[in-house]
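Have a look at the structure below before the remarks.
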Amino acid sequence: MSGYAILMLVAAIAFGLSKLLRLPAIPLLMLGGVALQILANKLQIKIDPALVQETIELGLAVLVFTAGADLSPRRVKKRIQPVLILSCAQFLLLGLAGVMTARWLGYEWMVAFYIGSALSASSTLVVVRHLQQRRQFFEPYGRLVVGVLLMQDIFIILLIVALQAIAGGPLECSLALLKALALGAIALLLHRRLVPWVCRRFRADEETLMLGALATLFTFSAVAYLLELPFLVGAFLAGFILSAFPMNGLVRGMLGSITSFFLALFFISIGFVLTLPTGAMLLHGLVLIIVLIVVTVLLVTTLAERLGYSTRAALEAGILLSQTSEFSLLLAFAGMSAGHLSAQLFSMIALITVSTMTLTSLISRDSIIWGLMKLHPKQRHSKTAGFQNLSDHAVLLGYGRAGRQTVQFLIEHGLEVVVVDSDAATVRQLREKGLHALQGDGSNAQVLNQVNAHQARVVLCSMRYSRDALVALRALEGATAKVIARTFEPHEAEKVRALGGLPVDTAHAATGNFLSWLESNALIK
Amino acid sequence: MDSFSEVTLLLDLGYIILAATAFAFLGKRIKMPSLVGYLLAGLLLGPVLGLVAIGHSLEMIAELGIALLLFLVGLELSFDKIKDLGKAAVSISSFQVCLTAIGGFAVAQLLGFGLLPAIFLAATVTFSSTVVVIKLLDQKGHMHRRYARLAVGLFLGQDIVIILALTILSGLGAGSDFELAIVLKSLGVAFGGMGLLLSVVLVAARYILPRPFAWAANSPDTVFIWALCWCFLIVLLAHQLHLSLEIGAFLAGVALAQLPMHEDLHRRLHPLMTFFIAIFLVTLGIRMEIQEFSTVWVAVLVLSTFVLLIKPLIVFVILTRMRFDAHTAFHTAVATGQVSEFSFILLAMGASSGLINGTLVTLGGLVGLITIACSSYLIINADALYKTYKRTGLFRLLGSKRDSSTEAEETRERHCIVVGMNAMGRAITQALANRGLEVLAVDTDPKKLTGLGSAETFIGSVEYESVIEEIGLRRANMVISALQIEDANHLLAYRCKSYGVRCAIHAFDLSMVEDLLDLETAYLLMPSADGTVAQKNILIKEGLVKI
């Protein structure tokens, strides 16, 4: 029990720091494992190696099972094409860049292939958490990113299968891939047919659901093992079987705590077994991190923009995908198990993962995105001509989801409208439709002057953050224009009112409409 | 870490989970408690097929299960509840241990066992299994009942006696002679340790834990990991103080039970406990030795009958004499009708120190298997048994007070459930409560549940089936979700559709609309669209556009 207590203490510190510093927990857990290793050596604290080995074994199974359970095709519904294009292009091109860099750094082809493959996968755990925290999980770019992550997981699993069988030659390698695909086909069949039938037919309690889910995990792992495939393939496919709605929701609550527990121990244990890479490897790690971030951001941004996403969304997608994954660790671990990678190389890949996961949360901040948007070629070459000659017009700050309707309404009522949006692609599309549009930050006083907002009849603020509306309101103090700002929280509405603006309290509006519906259906008096 | 093929623990766990699942599913067909299914799975894997041997890792996982089970029991006990039943539990456990031990000793002597074996058998039949009983009561959803708390108090009292017994036995086993000084010192350490542990827990509950947990309240993962860490550290401290893992875990839970998020924490930890405890119960079956059944079957049957009938009767009489009502006394008594897993340890220690022979270990194991299996049925069906008992008119014969139980289940009905206390959730909650409706507001963050007027509040996540039951979703008039979590909203809509409950769900993205309509959502909350309409109204009202 003392071993578990020590590991949980490290996990508790890592989670506390994660909350305090607003960093993802995974790198902190791994660093916690490294610190524990150093302390244990210095203070002669004995941590049972069998415990560490077993938490890694169980953690691996849980990790891929959870990833499989998140693989619901519903998540990428109606976005299959952009997801496929982006995921394949990123995986291949970034992988190629990684392989070539590794070769340039002097590694053999096989090692370079592992490094390249490890670089090309991004972390589902980090990105999903980030999207959830920023409530962007269901924005179009959020769905695109999630779809890409799911595809990457599949690619990595197939790579592990191929690499495990590579020693037996191309025929054995192909046979292993075929077996994996056949098992995948069975899993797909069960996902489509059996799981929905079970959900309709049986009402299982929590205990039975949990046992059923775990039994699926072990059965498929055993089948994979019997087919001479890595058991992780079975674990992944077992997760996929359960990802069918509503089973995924029903088991999530049951498996959530088991997953959190084992994954925390897994990442600490991984940190604990790392061996110090050489100085040269650390330098190589730095070069690979730079290649990873630069190539991912440029590649994903360019491709996503071409696929019709806004500049900001494309940039955010690029930045969010610029880290290596827990599946990179899995691949490196498999490489080490197969004797293709040394312990130091595994450590180097682990350190790249720790560093890039930490960097993601730092470089995905708004200020960095804004900075990068200013460097965007379209931004630099966009027309900066203003609309100073306009007066008694309407200014819409932030096009957003409701922009189309608002602009249409204003035009229908005889107002000339200027849209200010930070997104180059949005502005371009509006201009193509013959509308007045300016790319820029709607809370910036200079931009407000460019659209002559002071002389406008009305300024409508629907930017992403309410704080931007407050800045715009302050900049427009004393102006003749009425300022209307969208808010969600009551305290935001109060602030808008205090600055002389007219708040559109969306939560209040939705509540009012809902109550009217209840009354009209005689559900309340 | 050398090879993927070296996955011994995973292989063992695979066998355990598959066998447990098979027996649990089959057991459901014949209404067999899952616990019995787990024991049978263990018997199949161990004594029958010899597929799984208990190693250090499985033992550790089983211990984690016990620790988590007791931790969860502690998590449900506020200081007030402990004060309510604490003293009674101590008195009951003292009487019960003495009377059952005397009875057990007498039965063993009648069966022809010598002095020392009779003492060991008396100890074996005296103690009940905390793990088994709590697992069953938890399965029945009765852990909050008065009789369940009383039973837990009784079992923890037994634990203290067990600690004393094991301490004395260690003294006996330490050398060839009984060294009184060593035993007394060990007893002093045990009592001192108990005092120290209690002090640590009380101080922590009052002054140390509330602030950090309040700070982390909006991060469920952090709270979850901190709670587990706290549990393991206190268990470790208990171990250092020569106290049982159960007592440490229980007290760790009690300390966290004083925090506002203790119920949500309980629900989050519950699946983890279920997983570990299932493994523990299967390993219990694996350990059973059934080879010598033919030589000891008479003693096994007699002692099992004693445990299943006489022991509960002793407890029942004690409780009725202490003026507990018939319902509480009956249910508590039924809960004691099995032997504890500690008894196996006690017998194993006795055998290894040469005080008794190995046959007694087999005998104890078989009594354990039979009584645990039978009492599982009795506990699960205790309500039906109680009705039969009431009809027989045995109340008067045993001098029990008439059933005055006021433990009627609080059930909400025709209420409105609002999930997610963001601005919209709060506005809807307040609006409905102001119109006199019975409203239950649900969120995982306790801070968001304050200032909601007459609405009731509930801390928890609707992703858990237990929360769905506790908030009475199937009896609700309407469910409203203001959450901005697509999966949770879909699942909630699905559950509402299954139960035929009307629901209104926050469709914060147009892509959700189709799926939610497929799930027969009655109303889609769309603040973005509603905001656009409100904005148009403001433009008109302020004369900014001409109509």
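The values are calculated or read from the model by the stated rules, or taken from the named source; none is laboratory data. In this text, all values refer to a predicted model and were calculated from it rather than measured experimentally. With ideal geometry, Cβ positions are generated from the backbone for all residues, glycine too; neighbour counts draw on all protein chains shown.
Considering A:Ala121, A:Ala89, A:Ala102, A:Ala112, which residue is small (Gly, Ala, Ser) and farther than 30 Å from A:Leu28 by Cα?
Sole residue among the options that is small (Gly, Ala, Ser) and farther than 30 Å from A:Leu28 by Cα: A:Ala89.
Just to be sure, is A:Val471 away from chain B (no Cβ under 12 Å), surrounded by 16 or more Cβ atoms within 10 Å (Cβ to Cβ) and in contact with a Gly (Cβ under 7 Å, 6 or more places away or on another chain)?
No: the conditions fail for A:Val471.
I need the full set of residues from the range B:423-448 which are within 11 Å of chain A (Cβ to nearest Cβ) and out of contact with any His (no Cβ under 9 Å at 6 or more places or on another chain), in order please.
B:Arg426, B:Ile428, B:Thr429, B:Gln430, B:Ala431, B:Leu432, B:Asn434, B:Arg435, B:Gly436
Take the residues in the range A:476-525 that are touching a residue at least 24 places away in the same chain (Cβ under 8 Å) and at the interface with chain B (Cβ under 7 Å from one of its Cβ atoms); name whichever of them is surrounded by the fewest Cβ atoms within 10 Å (Cβ to Cβ).
A:Lys482
Of the conditions (1) more than 29 Å from the chain's Cα centre (by Cα); (2) crowded, with 20+ Cβ neighbours inside 10 Å, B:Ile459 fails just one. Which one is it?
The failed condition is (1).
Going by the structure shown, is A:Leu188 more than 10 Å from every other protein chain (Cβ to nearest Cβ), over 25 Å from A:Ala35 (Cα atoms) and either part of a loop (DSSP other than H, G, I, E, B) or of a type outside the set (D, E, K, R) (or both)?
Here the answer is yes, as A:Leu188 does meet what is asked.
For the range A:203-244, name all the residues that are assigned to a loop (DSSP other than H, G, I, E, B) and either in contact with a Gly (Cβ under 9 Å, 6 or more places away or on another chain) or within 8 Å of chain B (Cβ to nearest Cβ) (or both).
A:Ala204, A:Asp205, A:Leu227, A:Pro230, A:Leu242, A:Ser243
A quick yes/no check of all residues on (1) without any contact (Cβ under 8 Å) to a residue 60 or more places away in the chain; (2) surrounded by 19 or more Cβ atoms within 10 Å (Cβ to Cβ); (3) touching a Leu at 6+ places or on another chain (Cβ under 7 Å); (4) assigned to a helix (DSSP H, G or I):
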site	(1), (2), (3), (4)
B:Asp12	yes, yes, yes, yes
B:Thr21	yes, yes, yes, yes
B:Pro47	no, no, no, yes
B:Ala67	no, yes, yes, yes
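Can you pull out the residues in the range B:217-251 that are facing chain A (nearest Cβ under 7 Å), closer than 22 Å to A:Ile26 by Cβ and at pLDDT below 90?
B:Ser219, B:Asp221
Taking A:Gln136 as the residue in question, decide whether it is in the same structural domain as A:Leu286 (by TED's automatic domain parsing), outside any helix (DSSP H, G or I) and under 17 Å from the mean Cα position of the chain (by Cα).
yes
Which of the residues belonging to the range B:427-463 are of a type in the set (A, V, I, L, M), touching a residue at least 40 places away in the same chain (Cβ under 8 Å) and touching an Asp or Glu at 6+ places or on another chain (Cβ under 7 Å)?
Selection gives B:Ile459 alone.
Which pairs turn up if I take residues in the range A:297-319 that are among the acidic types (Asp, Glu) and look for partners that are part of a helix (DSSP H, G or I) and at pLDDT below 85 with beta carbon separation below 7 Å, at least 6 apart in sequence or on another chain?
Listed pairs, sorted by first residue: A:Glu305/A:Thr311; A:Glu305/A:Ala425; A:Glu316/A:Tyr141; A:Glu316/A:Ile369.
In this structure, does B:Ala190 turn out to be surrounded by 20 or more Cβ atoms within 10 Å (Cβ to Cβ) and either under 30 Å from A:Thr259 (Cα atoms) or out of contact with any Gly (no Cβ under 9 Å at 6 or more places or on another chain) (or both)?
For B:Ala190, the condition - surrounded by 20 or more Cβ atoms within 10 Å (Cβ to Cβ) and either under 30 Å from A:Thr259 (Cα atoms) or out of contact with any Gly (no Cβ under 9 Å at 6 or more places or on another chain) (or both) - is not met.
Do we find a residue being of a type in the set (Val, Ile, Thr), at negative phi and within 29 Å of the chain's Cα centre (by Cα) anywhere in the range A:204-217?
yes
Just to be sure before I move on: is B:Ala488 part of a helix (DSSP H, G or I) and either facing another protein chain (nearest Cβ under 9 Å) or not charged (D, E, K, R) (or both) in the structure I sent?
For B:Ala488, the condition - part of a helix (DSSP H, G or I) and either facing another protein chain (nearest Cβ under 9 Å) or not charged (D, E, K, R) (or both) - is met.
In the set B:Leu483, B:Leu516, which member is outside any helix (DSSP H, G or I), over 21 Å from B:His270 (Cα atoms) and more than 7 Å from every other protein chain (Cβ to nearest Cβ)?
B:Leu483
For the range B:25-36, which residues satisfy the criterion of being farther than 16 Å from B:Leu284 by Cα and part of a helix (DSSP H, G or I)?
B:Phe25, B:Leu26, B:Gly27, B:Lys28, B:Arg29
Against the condition touching a strand residue (DSSP E or B) at 6+ places or on another chain (Cβ under 9 Å), within 26 Å of B:Gly543 (Cα to Cα) and not in a helix (DSSP H, G or I), how does A:Val420 come out, does it pass?
Yes.
Can you find, within the range B:201-223, the residue that is farthest from A:Ala14 (Cα to Cα) among those that are of a type in the set (Gly, Ala, Ser) and touching a Ser or Thr at 6+ places or on another chain (Cβ under 9 Å)?
This residue is B:Ala217.
Counting only residues that are among the charged types (D, E, K, R) and at the interface with chain B (Cβ under 9 Å from one of its Cβ atoms), which one in the range A:4-60 is surrounded by the fewest Cβ atoms within 10 Å (Cβ to Cβ)?
Result: A:Asp48.
Matching residues to (1) over 23 Å from A:Gly3 (Cβ atoms); (2) among the small types (Gly, Ala, Ser); (3) surrounded by fewer than 21 Cβ atoms within 10 Å (Cβ to Cβ):
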| site | (1), (2), (3) |
| --- | --- |
| B:Leu245 | no, no, yes |
| B:Asp264 | yes, no, no |
| B:His270 | yes, no, no |
| B:Phe275 | no, no, no |
| B:Ala278 | no, yes, no |
| B:Glu292 | yes, no, yes |
| B:Val296 | yes, no, yes |
| B:Ile310 | yes, no, yes |
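As an exercise: evaluate B:Cys496 against (1) over 34 Å from the mean Cα position of the chain (by Cα); (2) buried (at least 20 other Cβ atoms within 10 Å of the Cβ); (3) more than 10 Å from every other protein chain (Cβ to nearest Cβ); (4) of a type outside the set (Ser, Thr, Tyr) and give the number of the one condition it does not meet.
Exception for B:Cys496: condition (1).
Is it the case, given these coordinates, that A:Leu255 is buried (at least 20 other Cβ atoms within 10 Å of the Cβ), more than 11 Å from chain B (Cβ to nearest Cβ) and out of contact with any strand residue (DSSP E or B) (no Cβ under 8 Å at 6 or more places or on another chain)?
No, not satisfied.
Somewhere in the range B:257-277, is a residue within 11 Å of chain A (Cβ to nearest Cβ), assigned to a helix (DSSP H, G or I), in contact (Cβ under 8 Å) with a residue 12 or more places away in the chain and closer than 30 Å to B:Asn357 by Cα?
Checked against the condition, which is being within 11 Å of chain A (Cβ to nearest Cβ), assigned to a helix (DSSP H, G or I), in contact (Cβ under 8 Å) with a residue 12 or more places away in the chain and closer than 30 Å to B:Asn357 by Cα, the range B:257-277 yields no hits at all.
Only one of B:Phe113, B:Phe95 is among the aromatic types (Phe, Trp, Tyr), more than 10 Å from every other protein chain (Cβ to nearest Cβ) and under 30 Å from B:Leu198 (Cα atoms). Can you tell me which?
None of the others qualify; the one that does is B:Phe95.
When you check B:Ala326 against the structure, is it touching a strand residue (DSSP E or B) at 6+ places or on another chain (Cβ under 7 Å) and aliphatic (A, V, I, L, M), yes or no?
yes
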